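Peer 1: This structure is in C-alpha cells; I'll ask about it shortly.
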Amino acid sequence: MLRYIANRVLWTIPVLWLVATVTFFLMHAAPGSPWDAKNAGKRLDPALEASFNRQYGLDKPLMTQYVIYLKNAAHLDFGTSYQQEGTSVFDVIMQGFPVSARIGVLALALAVVLGVPTGIIAALKQNTWADYTSLFAVTIGYTLPSFVLAIFLLVIFAVDLRWVPVLWTDWRSYILPAFVLGVGSAAFIARLARASILEVLSQDYVRTARAKGLKESVITMRHVVRNGMIPVITTLGPALAALITGTIIIENVFGAPGMGYLFIQSIVARDYPVIMGTTIFYAFIVVLGNLAVDLTYGIVDPRIKTGS
Amino acid sequence: MTVARTEQIGTLREAAKTKPRGLWWDAWRRLRKNKMAIAGAVYVAIMIVVAIIAPWVAPHNPNTIPVNAAANTPPFWMKGHDPRFILGTDTLARDELSRLLWGSRVSMVVGFIPTAITVVIGTVYGLLSGWLGGRWDNILMRLVDVVYAFPSFLFFIIMQASLHDTWFGHLLGGLILLFTAFAITGWVGMARLIRGQVLSLKEQEFIEAARSVGVPTWRVLLRHILPNTMAPIIVSISFSIPSYILAEAGLSYLGLGVQPDTPSWGSMVFDSFPTMTYLPIFVIMPSALIALVMIAFTFLGDGVRDALDPQMSR
C-alpha cells in the first residue's frame with residue numbers, strides 16, 4: 001500500500017512538468033510582446049521594451065528562460081506578476097483562491113445535500129413516480145450546460161428581479177455561482193448514487209441480510225446505503241477539483257474575482273508568470289483530486305488494496 | 001409424447017423461418033422504443049440540415065452590416081423592431097437570425113470533426129497497445145496517462161490564448177486550431193477504452209481459434225477484434241460530440257474561441273454580454289440553442305448506451 005501511494009504521488013511530477021512545459025512554450029509562441037498590454041495593445045518604444053525584457057529576463061534565449069523557470073519552480077518560486085508589479089505570483093493566486101474555493105465548497109455541499117438523498121430515494125423506490133421525477137430532474141440538471149444555466153439565472157434573478165446584484169458585491173453574489181455549479185454536480189452525484197445503490201440491492205449479502213430477518217431499515221442503512229456510497233465518496237475529490245477549475249467560465253459570467261477570473265485577465269494581459277503559475281496550480285488541484293480517488297478507493301473498499 | 005415432439009419440431013421450424021437477429025438489430029429495436037432518444041436524434045438531424053442549408057436560408061449575410069441597419073434592434077415581438085430583421089440585430093448591427101443559423105455550422109462541425117479525428121487516432125493506438133501488450137503496452141500507456149491527467153479545458157484555453165492570433169489560428173476562421181486542440185487531448189480517452197477491450201478480447205477462444213488456423217494478425221485485428229469493440233466506441237462517440245460543442249461554446253464565450261467574424265453561438269453570447277442588462281434576449285437566444293443541442297445529444301447518447309448495453313441501464 002505504501003509503495004502504491006508513493007508511486008502515485010511520484011507520478012504527479014511528470015504530469016506537472018508536462019503542464020509547465022507545454023504552457024511555457026505555447027505562451028511564448030504567441031505573437032507580440034507582454035508589454036503591449038501596458039500600452040493599450042500598441043507596441044512599446046523599442047528601448048523601453050528592451051529594458052522591460054532585461055528586467056524580467058525575457059532577453060535571454062528561450063531555452064535558458066525555460067531552464068531558469070523550471071529551476072525556480074522546483075523551489076516553489078513562480079516569479080512576480082508583470083501587471084501587478086512587485087506582487088509575487090503566489091500572492092496573485094491567493095487573491096483569487098479564497099473566492100474560488102468558497103464557491104467550490106458551497107457548490108459541493110449543495111451537490112451532496114441535493115444529490116445523495118435524490119439518488120438513494122430514486123434507487124429504493126425504483127420505477128415509481130419518485131424515481132421518474134428525480135430521474136427527469138437529474139437528466140436536465142446534468143445536460144444543461146452550467147454556463148447557460150448561469151446566464152439564464154443571471155438574467156432572471158439579477159437583471160429582471162434584482163434579487164441579487166449584477167456586479168460582484170457581497171455574500172449574496174455567491175448564491176448564484178454556487179447554485180449553478182452545485183446543480184450540475186448534484187445531478188451527477190444522484191445518477192451515480194442511484195446506479196450504485198441499485199447494484200448493491202442485487203448483491204447476495206443483501207439477500208442474506210433479508211433472509212436473516214433483519215428489519216428493512218437496518219438493511220437499508222447498514223448494508224445498502226453504506227456500500228452504495230463508495231463510488232460517491234471516491235468521486236468527491238475530483239468533483240471538488242472539477243468545481244474549482246470549472247469555475248473559470250462561471251466566475252467570468254458572474255464577474256467573481258476568483259482564480260478563474262484572474263486567470264482570464266492574466267491571459268488577456270499576457271502576464272506570463274501569472275498564467276504559468278495559475279495553470280500549474282490548477283493542474284496540481286486536478287491531479288490531487290485524481291490521486292484522492294485512487295487512495296480513497298483503497299481505504300473505503302479494502303478489496304482493491306491488494307490489487308495494485 | 002409424439003404429439004409433443006411434433007409440436008416441438010413445429011416451433012423449431014417456425015423459429016428457423018424468422019431471420020436471425022444480430023446485436024445491431026436488437027440495439028436498433030431498443031433505441032427505436034426510446035422516445036427521448038428519438039426526439040434527441042430528430043433534433044440533431046434538424047440541426048445538421050440547418051447547418052448545411054444555412055447559407056441559402058439565412059436572410060442576410062451574417063458578417064456584413066446591411067444598409068441603414070441600426071445596432072441592437074430588438075426581435076419582432078418587441079417595440080421598435082425593424083421588419084427586415086426578424087430576430088433583431090446585434091451590437092454591430094448584424095442580422096441576429098442569420099448569425100444564429102450560421103452558428104449551427106460551427107457547432108456541428110466542431111462536434112463531429114474532432115470526434116472523427118480522435119476515433120481514428122485512439123483506435124489505432126489502442127489496438128496497437130492492447131495487441132502488443134507487455135512492455136510496449138506499458139510504454140504506450142504511460143504517454144496516455146500523462147496526457148489524460150492534463151486538465152483539458154485548461155489546455156484548450158492556453159492553446160487558444162497562444163495561437164489565436166497566429167496564421168494557424170486564422171485557418172478556417174479559427175476552426176483548425178480548435179480541432180487541433182480538441183484532438184490532442186481527446187484521443188487518449190478513446191485509446192484507453194479500446195486498449196481495455198482488446199486486452200480482454202485477445203484472450204478469448206475465438207481469437208485463439210482464428211490465430212491457430214493461420215489468420216494473419218492484421219486480419220485478426222480488423223475482422224475479429226475491431227468489430228467487437230464497436231459498441232463502446234459508438235457510445236463514447238455519442239458523448240464526445242456534445243462535449244466538444246460545449247467546449248467550443250465555452251471558449252468562444254470567454255473570447256478565446258473562433259475568430260470574431262465567424263458566427264458561433266458561444267461568441268454571440270460573448271458579443272451580447274455587455275448589453276445584457278437592457279437586451280437580455282440576445283444572450284438568451286444563442287445560449288438556449290447551445291442548451292437544446294446539448295440536451296438532444298445527451299438524450300441520444302443515453303439511448304444509444306442503453307440500447308447497446310442493456311445491462312448498464314438497470
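The values are calculated or read from the model by the stated rules, or taken from the named source; none is laboratory data. Here the structure is a predicted model, which means the values were calculated and not measured. Cβ sites come from the backbone with ideal geometry, for glycine too, and all protein chains shown count toward neighbours. We work out accessible area using only protein heavy atoms, side chains counted, and drop any ligands, DNA or RNA first. Shrake-Rupley method; radii C 1.70, N 1.55, O 1.52, S 1.80 Å.
Peer 1: Out of the residues in the range B:257-271 that are under 14 Å from B:L177 (Cα atoms) and buried (at least 24 other Cβ atoms within 10 Å of the Cβ), which is nearest to the other protein chains (Cβ to nearest Cβ)?
Peer 2: B:G257
Peer 1: Hey, another quick one. Which numbered condition trips up A:L198, out of (1) open to solvent by 30 Å² or more (accessible area, probe 1.4 Å); (2) farther than 30 Å from A:V287 by Cβ; (3) part of a helix (DSSP H, G or I)?
Peer 2: It is condition (1) that A:L198 fails.
Peer 1: Could you please give the count of residues in the range A:241-277 that are open to solvent by less than 10 Å² (accessible area, probe 1.4 Å) and not in a helix (DSSP H, G or I)?
Peer 2: 3
Peer 1: Out of the range A:229-240, which residues are open to solvent by 20 Å² or more (accessible area, probe 1.4 Å) and of a type in the set (G, A, S)?
Peer 2: The answer is A:G237, and nothing else.
Peer 1: Here's something else I'd like to know. Return the total of residues in the range B:147-159 being open to solvent by less than 30 Å² (accessible area, probe 1.4 Å), more than 18 Å from B:G196 (Cβ to Cβ) and facing another protein chain (nearest Cβ under 9 Å).
Peer 2: As a first pass, look at the range B:147-159 and keep what is open to solvent by less than 30 Å² (accessible area, probe 1.4 Å): B:147, B:149-151, B:154-159.
Right, trim to more than 18 Å from B:G196 (Cβ to Cβ) and you get B:150-151, B:154-159.
Then keep just the ones that are facing another protein chain (nearest Cβ under 9 Å); that gives B:150-151, B:154-155, B:157-159.
Number of matching residues: 7.
Peer 1: Let me ask something additional. So which residues in the range B:128-146 are open to solvent by 20 Å² or more (accessible area, probe 1.4 Å) and either touching a residue at least 40 places away in the same chain (Cβ under 8 Å) or more than 9 Å from chain A (Cβ to nearest Cβ) (or both), if there are any at all?
Peer 2: B:L128, B:W131, B:L132, B:G134, B:R135, B:W136, B:N138, B:I139, B:L140, B:L143
Peer 1: Related question: Inspect all residues belonging to the range A:131-152 and state whether any of them is over 15 Å from A:A239 (Cβ atoms), open to solvent by less than 60 Å² (accessible area, probe 1.4 Å) and more than 14 Å from chain B (Cβ to nearest Cβ).
Peer 2: Checking the range A:131-152: at least one residue is over 15 Å from A:A239 (Cβ atoms), open to solvent by less than 60 Å² (accessible area, probe 1.4 Å) and more than 14 Å from chain B (Cβ to nearest Cβ).
Peer 1: If you check A:A122, A:A30, A:A50, A:A111, which single one turns out to be over 30 Å from A:Y142 (Cβ atoms) and in contact (Cβ under 8 Å) with a residue 40 or more places away in the chain?
Peer 2: Numbers: A:A122 fails: over 30 Å from A:Y142 (Cβ atoms); A:A50 fails: in contact (Cβ under 8 Å) with a residue 40 or more places away in the chain; A:A111 fails: over 30 Å from A:Y142 (Cβ atoms).
The unique qualifying residue is A:A30.
Peer 1: When A:D59 is evaluated against the numbered criteria (1) within 24 Å of the chain's Cα centre (by Cα); (2) over 20 Å from A:T279 (Cβ atoms); (3) more than 14 Å from chain B (Cβ to nearest Cβ), which criterion, by number, is the only one it fails?
Peer 2: All conditions are met except number (1).
Peer 1: Anything in the range B:203-233 that is open to solvent by 60 Å² or more (accessible area, probe 1.4 Å) and of a type in the set (A, V, I, L, M)? List them, or say none.
Peer 2: If the condition is that a residue be open to solvent by 60 Å² or more (accessible area, probe 1.4 Å) and of a type in the set (A, V, I, L, M), then B:V213, B:L222, B:M230 are the ones that fit.
Peer 1: I'd like the full set of residues that are within 16 Å of A:W171 (Cα to Cα) and surrounded by 20 or more Cβ atoms within 10 Å (Cβ to Cβ), limited to the range A:93-114.
Peer 2: A:G96, A:V99, A:S100, A:I103, A:G104, A:A107
Peer 1: Hey, among B:D82, B:D26, which residue is modelled with pLDDT of 75 or more, assigned to a helix (DSSP H, G or I) and either more than 30 Å from B:V110 (Cα to Cα) or among the polar types (S, T, N, Q) (or both)?
Peer 2: Checking each option against the conditions leaves just B:D26.
Peer 1: Next question. Go through (1) away from chain B (no Cβ under 14 Å); (2) in contact with a helix residue (DSSP H, G or I) (Cβ under 6 Å, 6 or more places away or on another chain) one by one and return the number of the condition A:Y174 breaks.
Peer 2: Going through (1) away from chain B (no Cβ under 14 Å); (2) in contact with a helix residue (DSSP H, G or I) (Cβ under 6 Å, 6 or more places away or on another chain) one by one, A:Y174 breaks only (2).
Peer 1: Can I ask one more? Can you name the number of the only condition in (1) at the interface with chain A (Cβ under 10 Å from one of its Cβ atoms); (2) touching a Gly at 6+ places or on another chain (Cβ under 9 Å); (3) without any contact (Cβ under 8 Å) to a residue 24 or more places away in the chain; (4) surrounded by 19 or more Cβ atoms within 10 Å (Cβ to Cβ) that B:D165 fails?
Peer 2: (4)
Peer 1: Just to verify a result, which residue in the range B:88-100, among those that are out of contact with any Ser or Thr (no Cβ under 9 Å at 6 or more places or on another chain) and surrounded by fewer than 23 Cβ atoms within 10 Å (Cβ to Cβ), is farthest from B:V44 (Cα to Cα)?
Peer 2: B:L92
Peer 1: Checking B:P274 against (1) within 14 Å of chain A (Cβ to nearest Cβ); (2) open to solvent by 10 Å² or more (accessible area, probe 1.4 Å); (3) under 24 Å from B:M108 (Cα atoms); (4) in a helix (DSSP H, G or I), only one condition comes out false. Which one?
Peer 2: (3)
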